[in-house]
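S.K.: Before anything else, here's the structure in question.
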Amino acid sequence: MRNVLFLAASLSIVWTSCSSPEAQSDDAVGDLMSKMSLDEKVGEMTQLTIWPLLEADDDGLLMPQRGDSTKLYDALVNHHVGSILNVEAHDYTVDQWTELHKLIASISSLKPNKIPVLYGIDAIHGINYTKGATLYPQQIGQAAAWDTVMAKTIGEQTAIETRISGIPWAFSPVLDVARDPRWPRFWETYGESTVLASWMGASYTRGMQGTDAKIDDNHIAVSLKHFLGYSASVTGKDRTQAWIAERQLRRYYLPTFAAAIDAGAKTVMINSGDINGIPVHASKEILTDILRGELGFEGIAVTDWADIHYLFNRHRVAKDYKDAVAMAINAGIDMSMVPDDLDFPRLLKECVEEGLVPMSRINESVRRILQVKMDLGLFEGNVRPDLALFNCDEHKATALKAAQNSLVLLKNKNVLPLKKAPLVTGPTANSLIPLNGAWSHSWQGDNPGLANTGKVPTIAEAMEARGATYYTSGEDINVWEPTGRLRTASLKGETVVVAFGEWSYCEGVGDIEDMFLPAAQYEMIKDIKERGATVVGVMTAGRPRNIRDVEQYFDALLYAPLPGDFGGEAIAGALFGEFNPSGKLPFTFPRQPSAHITFDHRVADAMSVAAGPSGDKGTASFGPQFEFGHGLSYTSWTVTSALVNAEVNEELVVNITISNTGSMSGKHTVPVYYEDLVASIVPSVKNLCAFAQVDLVPGEQSVIELRIPRERFALVDASNKWVVEEGDMKLMVGEEVHDFVIN
Ligand code: BGC
């Protein structure tokens, strides 16, 4: 079908020269390639950011910028550039996007083979670069809901709004696994568990891209990022070295990508860092042997921002840019996110002519790029989804529900739901910025002028709408300057909701030197408590920050993991008990600033020095502030379970009975873990292997049958292969532990 459509569309194409090894090919991509010159091919492999292609005004800050036809003509027609990305520092309206894409399309039609441009964008939590788009929770918030169906719906709706903006390709989802809470891109991930992140990522991919090889006009291509091992930096900082043993790489960092590639992902973006001293952009082992050979990936591997440049001017494994170009392309890169000059195609052409890069490598990449363009229907022209779907009620309802489901009730000394209207304060109470985080209207998401103010309420506004009184706490997150009623000596009898945490940040801008928040925030919490108030904390942050010394002052604490535009409404609703918060932490919340031990650690990781030679565990030193999977509810739950079979040949079947024994309806998630008692590789104390989720009214009970395939109990053995080892295991469901055997 694809071939027929393409041939029909190609009748209007004026073919040029016909002299390439692809001339024998009888498929649509091959036919097109046989008519392309080397210049066109290296141009296809080039991606520029839109910024140098825009009209500049006097001070360079024209908002919104318009496409500059001369610059676009030079890039697209003279240099055959195949792809463009992103925006210039701010979002566009749908109309501005439409105008830009029309211009790009009309100029592309002047290219010798009229090959359309593949436009890509960071649509990270909705199409966050289009004004008025629906902004959903960031991935860490989606993960806190443990809801793969919701993730799929968010993917679907984001795809529709992205297509309405004329864009067919998103640089999303992030499938790095966040095992170090210092990492500034922690919040862009689905958290600490490789297993949970794999389920979420595969589901989101199916939602955003659909499940057919040919992507229809309501779906867009995903880009899984950042392949591979990006989140495991030694320093905890962005784009710094990682040293990852092969077993660790395969066990923790590869499966998320494998799952989404199995789900059909069309493109991947490469990790800007280096692993074991080798920049990933220069690693043939990762980009070709693993990505293509093992995972069977057939789509486009695009670099991250300027990463071929960085091979010589940052990583220093190449002597100059040309050397770097040859290195990256030979390693397996298909497209370079250059992002703003035209040296790349020129140098790549020279590399081919001088025999530094084989023509077969170019053809392979161009074939992949053209195939994705065809799969996206770019040659036929796409039909824009109905404009009425943009930020429609259904999408807003999903975003609100997702925001509600992302909230994690960390602590509650019977203070919540609120019984009377409280005072509200704190540096993150009255802005949408800390609710959305970065990739919101701009890269850093920190421009208050661009936020959707007026359309959706902040925490303070949503609380005021429910009778609360808001007092500012000072200029920013670094000061505590009480105002109004908060200045009076005694706050006895008052309940004060204190919103605190992080401002928005992205990539290196979010690097931190330690896990502590600004001191003024701790002072604020202590001060309010010491003056007699009941303190309800609302922590807005994309990663756990240290609250060890103030945790005691909270009578209740709600964690809001970047819930998006509807976070204010969701938080106020949760505090007033309009719904029951049900999120569960998708990461371990450390108590000590340097104790970053994940939930799936080994026995010895949590063993005190006092542990005796008998091998007993000693006094556990694993004492996080809150455990992975922690999250309270306004109702009470009982969980019982029974194994259907205790000997596993193909699958383990367990029945889990969950009852709502309290007085409020709600959702409840029960993670299911296993422990391998004896294994050839030191086993973890627990591994996530499944979860059960219910939504029940008071007094209601539900029995969930989980069928857990034998492969879920696999480990990466001494020869770095996934194997299921026979032997005794334990299954942990809530408080209950069951023995079972793998045969
Ligand atoms: C980030 C990517 C992003 C790209 C394009 C890079 O700096 O690492 O995640 O997709 O920019 O904006």
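S.K.: Can you tell me which residue is farthest from Ala260 (Cα to Cα) among those in segment 190-205 that are open to solvent by less than 10 Å² (accessible area, probe 1.4 Å) and aromatic (Phe, Trp, Tyr)?
M.R.: Result: Tyr190.
S.K.: Could you list, in sequence order, all residues of segment 385-424 that are in contact with a helix residue (DSSP H, G or I) (Cβ under 6 Å, 6 or more places away or on another chain) and of a type outside the set (A, V, I, L, M)?
M.R.: Pro385, Phe390, His395, Thr398, Gln404, Ser406
S.K.: Can you tell me which residues in segment 339-357 are in contact with a Ser or Thr (Cβ under 6 Å, 6 or more places away or on another chain) and modelled with pLDDT of 95 or more? Quick ask: steps written out before the conclusion?
M.R.: Pass one, segment 339-357, residues in contact with a Ser or Thr (Cβ under 6 Å, 6 or more places away or on another chain): 339-340, 344-345.
Pro339, Phe344, Pro345 - these are the residues of segment 339-357 that are in contact with a Ser or Thr (Cβ under 6 Å, 6 or more places away or on another chain) and modelled with pLDDT of 95 or more.
S.K.: Also, quick follow-up: If you go through segment 87-96 one residue at a time, do you hit one that is within 16 Å of the ligand (Cβ to nearest atom), open to solvent by 10 Å² or more (accessible area, probe 1.4 Å), among the hydrophobic types (A, V, I, L, M, F, W, C) and within 27 Å of Leu432 (Cβ to Cβ)? If you could, list the steps in order and put the result at the bottom.
M.R.: Restricting attention to segment 87-96, the residues satisfying the condition of being within 16 Å of the ligand (Cβ to nearest atom) are 87-92.
Remaining after also requiring open to solvent by 10 Å² or more (accessible area, probe 1.4 Å): 87-89.
Restricting the remaining residues to those that are among the hydrophobic types (A, V, I, L, M, F, W, C) gives 87, 89.
Within this subset, residues satisfying the condition of being within 27 Å of Leu432 (Cβ to Cβ) are 87, 89.
Looking for residues that are within 16 Å of the ligand (Cβ to nearest atom), open to solvent by 10 Å² or more (accessible area, probe 1.4 Å), among the hydrophobic types (A, V, I, L, M, F, W, C) and within 27 Å of Leu432 (Cβ to Cβ), one finds at least one in segment 87-96, hence yes.
S.K.: Among Thr148, Thr158, Thr130, Thr134, which is within 22 Å of Ala560 (Cα to Cα), of a type outside the set (A, V, I, L, M) and more than 16 Å from the chain's Cα centre (by Cα)?
M.R.: On the way: Thr148 fails: more than 16 Å from the chain's Cα centre (by Cα); Thr158 fails: more than 16 Å from the chain's Cα centre (by Cα); Thr130 fails: within 22 Å of Ala560 (Cα to Cα).
None of the other options fit; the residue is Thr134.
S.K.: What are the residues in segment 158-184 that are in a loop (DSSP other than H, G, I, E, B) and acidic (Asp, Glu), if any? Walk me through how you get there before you give the answer.
M.R.: Taking segment 158-184 first, the residues in a loop (DSSP other than H, G, I, E, B) are 165-168, 171-173, 175-184.
Hits for segment 158-184 are Asp176, Asp180.
S.K.: If you don't mind, another one. Tell me which residues, restricted to segment 475-511, are open to solvent by 30 Å² or more (accessible area, probe 1.4 Å), touching a Lys or Arg at 6+ places or on another chain (Cβ under 8 Å) and under 26 Å from Leu409 (Cα atoms).
M.R.: Correct list: Lys492, Glu494.
S.K.: Is one or more of the residues making up segment 259-266 part of a loop (DSSP other than H, G, I, E, B) and within 16 Å of the ligand (Cβ to nearest atom)? Break it down into steps so the answer makes sense when it comes.
M.R.: First pass over segment 259-266, keeping only residues part of a loop (DSSP other than H, G, I, E, B): 263-266.
Now drop any that are not within 16 Å of the ligand (Cβ to nearest atom), which leaves 265-266.
Looking through segment 259-266, at least one residue is part of a loop (DSSP other than H, G, I, E, B) and within 16 Å of the ligand (Cβ to nearest atom).
S.K.: If Arg367 satisfies every condition in (1) open to solvent by 50 Å² or more (accessible area, probe 1.4 Å); (2) without any contact (Cβ under 8 Å) to a residue 40 or more places away in the chain but one, which is the exception?
M.R.: Here Arg367 meets the rest and fails (2).
S.K.: Here is a follow-up. Looking at Asn113, is it within 16 Å of the ligand (Cβ to nearest atom) and either open to solvent by 60 Å² or more (accessible area, probe 1.4 Å) or within 20 Å of Leu376 (Cβ to Cβ) (or both)? Spell out the reasoning first.
M.R.: Working: within 16 Å of the ligand (Cβ to nearest atom): no; either open to solvent by 60 Å² or more (accessible area, probe 1.4 Å) or within 20 Å of Leu376 (Cβ to Cβ) (or both): yes.
No.
S.K.: Specify the residue that is nearest to the chain's Cα centre (by Cα); the eligible residues are those in segment 230-245 that are more than 11 Å from the ligand (Cβ to nearest atom) and under 18 Å from Thr194 (Cβ atoms).
M.R.: Keep residues of segment 230-245 that are more than 11 Å from the ligand (Cβ to nearest atom), which gives 231-237, 240-245.
In the following step, the residues that additionally are under 18 Å from Thr194 (Cβ atoms) were identified as 231-233, 242, 244-245.
Numbers: Ser231: 12, Ala232: 15, Ser233: 17, Ala242: 20, Ile244: 21, Ala245: 24 Å.
Selected residue: Ser231.
S.K.: Would you be able to say whether some residue in segment 308-323 is acidic (Asp, Glu), in a helix (DSSP H, G or I) and under 20 Å from the mean Cα position of the chain (by Cα)?
M.R.: Checked against the condition, which is being acidic (Asp, Glu), in a helix (DSSP H, G or I) and under 20 Å from the mean Cα position of the chain (by Cα), segment 308-323 yields no hits at all.
S.K.: Show the residue pairs meeting these rules: Cβ distance below 8 Å; 6+ apart or different chains; first residue within segment 522-535 and farther than 17 Å from Gly501 by Cβ; second residue at pLDDT below 95.
M.R.: Final answer for the pair search is Arg531/Ala489.
S.K.: Of everything in segment 267-311 that's within 16 Å of the ligand (Cβ to nearest atom) and charged (D, E, K, R), which residue is surrounded by the fewest Cβ atoms within 10 Å (Cβ to Cβ)?
M.R.: Asp304
Conditions tested, residue by residue: (1) over 22 Å from Ala282 (Cβ atoms); (2) within 16 Å of the ligand (Cβ to nearest atom); (3) at pLDDT below 95.
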| residue | (1), (2), (3) |
| --- | --- |
| Phe171 | no, yes, no |
| Asp180 | yes, no, no |
| Thr189 | yes, yes, no |
| Ala202 | yes, no, no |
| Gly210 | yes, no, no |
| Leu228 | no, yes, no |
| Arg247 | yes, no, no |
| Pro255 | yes, no, no |
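The values are calculated or read from the model by the stated rules, or taken from the named source; none is laboratory data. Please read all numbers here as calculations on a predicted model, not as lab measurements. Every residue, glycine among them, receives a Cβ derived from its backbone with ideal geometry; neighbour counts consider all protein chains shown. Just the protein is used for accessible areas: all its heavy atoms, side chains included, with ligands, DNA and RNA removed. Shrake-Rupley method; radii C 1.70, N 1.55, O 1.52, S 1.80 Å.
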